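These notes concern the structure reproduced below.
Read-outs throughout are calculated quantities, based only on the coordinates presented, and are distinct from any laboratory measurement. Remember, predicted model here, so these are calculated numbers, not experimental data. FYI the Cβ positions are ideal-geometry reconstructions off the backbone, even for glycines, and counts take in every protein chain you see.
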Amino acid sequence: MDEEQQIGSRPAVSDHQTDTAGGVLAVILTGISFIVIILTFPISVWFCIRTINEYERAVVFRFGKLMKGGARGPGIIFINPLTDQFVRIDLRTVSFDVPPQEILSKDSVTVTVDAVVYFRIRNATDSVTKVLDAGRSTRLLAQTSLRKILGTKTLAEMLADREAISHEMQSTLDTATDPWGVYVERVEPSSAAPTRHGSRS
Ligand SMILES: *[C@@H]1O[C@H](CO)[C@@H](O)[C@H](O)[C@H]1NC(C)=O
């Protein structure tokens with residue numbers, strides 16, 4: 001009975017234990033660090049301020065724990081160099097090419113398609129805490145969804161419904177990248193060129 005209970009609630013229990021013990025220690029160490037900063041004030045202040053540009057946000061961790069209140073910035077932010085670490089996140093739109101891929105259309109024509117994808121970080125905190133490399137993950141996902149979506153279209157549909165395909169890819173990608181705090185703005189597939197079977201007929 002005792003063991004059963006322990007197994008069932010293990011994650012919560014161990015979380016809670018580290019919370020209490022580590023939490024008290026963190027508060028004490030943070031207090032000491034602030035005393036040190038105050039005692040050495042005119043010098044220490046230069047180590048405690050960081051400038052975050054208009055288009056950036058800083059995700060701050062104190063002793064490895066995400067600090068409440070969301071990402072900081074833009075402007076001057078206070079970082080306690082003894083206890084805090086931060087990650088600087090760029091919120092500007094990034095574009096990348098999905099390299100040309102050979103895709104088999106629904107009517108068995110091999111076509112070469114590439115695309116340009118535009119995305120930006122919508123939630124800086126999520127882009128740091130939920131995914132290791134938001135940009136790279138978005139790139140890889142764009143490749144596979146280009147394949148997946150175009151594989152369900154005939155060559156005629158690919159050529160005719162350019163706008164619809166672009167929109168479908170954008171919404172599919174955006175939904176998939178949402179947990180990472182990434183917003184996919186646009187996907188522009190290039191013209192689908194038949195490579196083998198269709199080219200001579
Ligand atoms: C980012 O996502 C977290 C949840 O993961 C949420 O608490 C926070 O409010 C979001 N921030 C913004 C700016 O939307």
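Assorted remarks:
- Criterion: in contact with a helix residue (DSSP H, G or I) (Cβ under 9 Å, 6 or more places away or on another chain), among the β-branched types (V, I, T) and on the phi < 0 side of the Ramachandran plot - qualifying residue of I89, I35: I89
- Summed over segment 44-66, residues that are part of a loop (DSSP other than H, G, I, E, B) and either surrounded by 16 or more Cβ atoms within 10 Å (Cβ to Cβ) or touching a residue at least 40 places away in the same chain (Cβ under 8 Å) (or both) total 1.
- Selected residue (only one of T138, T172 is touching a helix residue (DSSP H, G or I) at 6+ places or on another chain (Cβ under 8 Å) and under 16 Å from R92 (Cα atoms)): T138
- Looking only at residues of segment 134-189 that are among the polar types (S, T, N, Q) and under 13 Å from the mean Cα position of the chain (by Cα), we find that the one that is nearest to the ligand (Cβ to nearest atom) is T177.
- Criterion violated by V87 - all others in (1) of a type in the set (A, V, I, L, M, F, W, C); (2) more than 16 Å from the ligand (Cβ to nearest atom); (3) within 25 Å of the chain's Cα centre (by Cα); (4) closer than 30 Å to G31 by Cβ satisfied: (2)
- Each residue in segment 117-127 was checked for being of a type outside the set (S, T, N, Q), within 13 Å of the ligand (Cβ to nearest atom) and surrounded by 23 or more Cβ atoms within 10 Å (Cβ to Cβ), and 2 pass.
- Sole exception among (1) without any contact (Cβ under 8 Å) to a residue 40 or more places away in the chain; (2) within 30 Å of W46 (Cα to Cα); (3) of a type in the set (A, V, I, L, M) for V128, by number: (1)
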